[in-house]
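Notes follow once the structure below has been shown.
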Amino acid sequence: MCPNRVLVKLRRPLDEQTLREFQTQVEGFLGKSVVVKPVGGLDVVSVSAPGIDVNSFTRDGRFLSFEESFGADYVEPDFRLKLLSLPNDEFFRNQWGLYNSGQKLGACGGAQPEGPASGAAGADIGVAGAWAKTTGSANTLVATLDTGVDYSHPDLRDNIWRAPIDFDVTVGGQPVHCAANSYGFNVVKRSCDPADTDSGGHGTHVAGVIGAASDDSTGTVGVSQKVHVLAVNAFEDGGACVSQLADAIDLLIQLKRTPGLGADIRVVNNSYGYRATTDGNCHAAETCESRTLRAAVDRAGEAGMLFVAAAGNEGLNTDCDPEYPASFDLPNIISVAATRNEDKLADFSSFGPASVHVAAPGQDICSPATNGRYSYVSGTSFAAPFVSGTAALVLSRCDLTTDRLKAAILENADVIDLLAGKVAGGRRLNAGRAVSACGP
């Protein structure tokens, strides 16, 4: 949990007067000063004060009278989500997830693979078939909610979105002005600079899987060779609060609606999550599902955004132990498990025959790192962007609605016997079939 903070869903629209009245009443029944901020355009506020949590906020008898007079649908923790990675064109031969002939994996920027050196021929996403029809389009925009991106990386700089004009947004109730040529946004610092702040380059790896440039005689190739990645940094110290992610999603919706900005975001990659275990911060026998995050993801769907999410690295069955946001039962979600180069589920990957939609390569993925480097990474964090990149390829060829885009990806996946009982329909991503099925 993000300490000393709770989220409260109000029954009336937020404005400055409502916020002032709300703060006055909360300080009255808590007997202490609090900081109140709007969250994610959802009529949700965060309430921060030393020692505050759901129990301390709601157990005071005066809360009941406050709830009746002011109106609160729910009070929940500000859950903390963690990045779903494991510690840890010259490299195309190592990109088994794109093309797997059973080749032996070599060094990726000096790093060696941790899993089997050689895999099973054909245990890849069949991207060659997709590239025969399209290598992507710079008009397709994929957003990443992550640790940012190294936008100066030689394999990424041509495929990172830049604002064509100045623009203004409101994040957590705070107005921010961004200049033309800004690369994205940092919701933690409320700045227009999405530079990757993770020492391991988590967000840069994710962006590289989606859209590293090709035919430049160096580095790696992304699933979508031509795409624009809009990076939003929502993380610090390897984690993010629900309130930060809700603000990040609201930011994407604002950007999408800004005339002249060219930010028609259709796909959002989400390589993070939290395990929904019941603890002292939730009511008895209730799953710790964040209603605030669910509402934010639902808003993204209403805005026409496919929400691709990593299934988790706990090795658990998410049918029984959900991992959010991947486990939200929403029509715009695709939950993604990770495979190794033998078409087996990676040992660390969570799974779920009812709750995980598809698997994709996620172990020993060779991709760009910060400061112009490359390395191997593993985790469902790096399986999800294979799906996001495939969605970008499909959209570059066929203008589909979100539900049809999701169907094109899932209905054209390969059925792998080794994934039966682990992933819905035993499905493993096939980019070639997804692209071929959406047009002539």
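None of the figures in this text is laboratory data; all of them are computed from the coordinates on show. None of these values were measured; they are calculated from a predicted model. So basically every Cβ, Gly included, is an ideal-geometry build from the backbone, and we count neighbours across all protein chains shown.
I need the calculated FRET efficiency for the pair residue 257 and residue 92, taking r as the beta carbon distance and R₀ as 51 Å, to the nearest 0.05.
0.85
Just name one of 92, 316, 394: the one whose Cα is farthest towards the positive end of the charge dipole of the chain (beta-carbon charges, Lys/Arg +1, Asp/Glu -1).
In the chain, that residue is 394.
Once the mean 1/r over all distinct Cα pairs of the stretch 140-268 is inverted, what Kirkwood radius in angstroms do you read off?
14.5
Could you please state, rounded to a whole Å, how far the C-alpha centre of the stretch 409-434 is from the C-alpha centre of the stretch 303-364?
12
Pairs 9/189; 104/406; 133/422; 32/189: which exceed 29 Å Cα-Cα?
Exceeds cut-off: 104/406; 133/422.
Where does the chain land on Rg/Rh, using Cα atoms and the Kirkwood Rh?
Dividing the radius of gyration by the Kirkwood radius yields 0.99.
Any chance you could run the full-extension gain for residue 330 through residue 114? It's 0.36 nm times the residue separation minus the Cα-Cα distance, nm to one decimal.
Length gained, residue 330 through residue 114: 74.3 nm.
For the chain, what does -39500 (n - 2.57) per DSSP helix run (n ≥ 4), summed and divided by total residues, give at 222 nm, in deg cm²/dmol to the nearest 500? Walk me through the numbers before you get to the answer.
Numbers: 10 runs with 102 residues, N = 440.
It lands at -7000 deg cm²/dmol.
Figure the gain on full extension for residue 174 and residue 415 (residue separation times 0.36 nm, minus the Cα-Cα span) and round it to one decimal in nm. Before the final figure, lay out the partial values.
Values: separation 241, 0.36 × 241 = 86.76 nm, distance 4.78 nm.
That pair, residue 174 and residue 415, stretches by 82.0 nm at full extension.
Have a look at the DSSP beta bridges in the chain and tell me what percent are antiparallel, nearest 5. Present the calculation step by step, with values, prior to reporting the outcome.
Numbers: 38 of 70 bridges.
Within the chain, antiparallel bridges account for around 55 percent of the total.
If you take the beta carbon distance between residue 73 and residue 373 as r and set R0 to 41 Å, what does 1/(1 + (r/R0)^6) give as a FRET efficiency, to the nearest 0.05?
The pair residue 73/residue 373 has a calculated efficiency of 0.30.
Short version: ³J(HN,Hα) in whole Hz for each residue of the stretch 118-132, in order, from phi by Karplus 6.51 cos²θ - 1.76 cosθ + 1.60 (θ = phi - 60°), x for Gly and Pro, what are they?
For the stretch 118-132, the Karplus-derived couplings read 10, x, 9, 3, x, 7, 9, 8, x, 5, 4, x, 5, 5, 5 Hz, x marking Gly and Pro.
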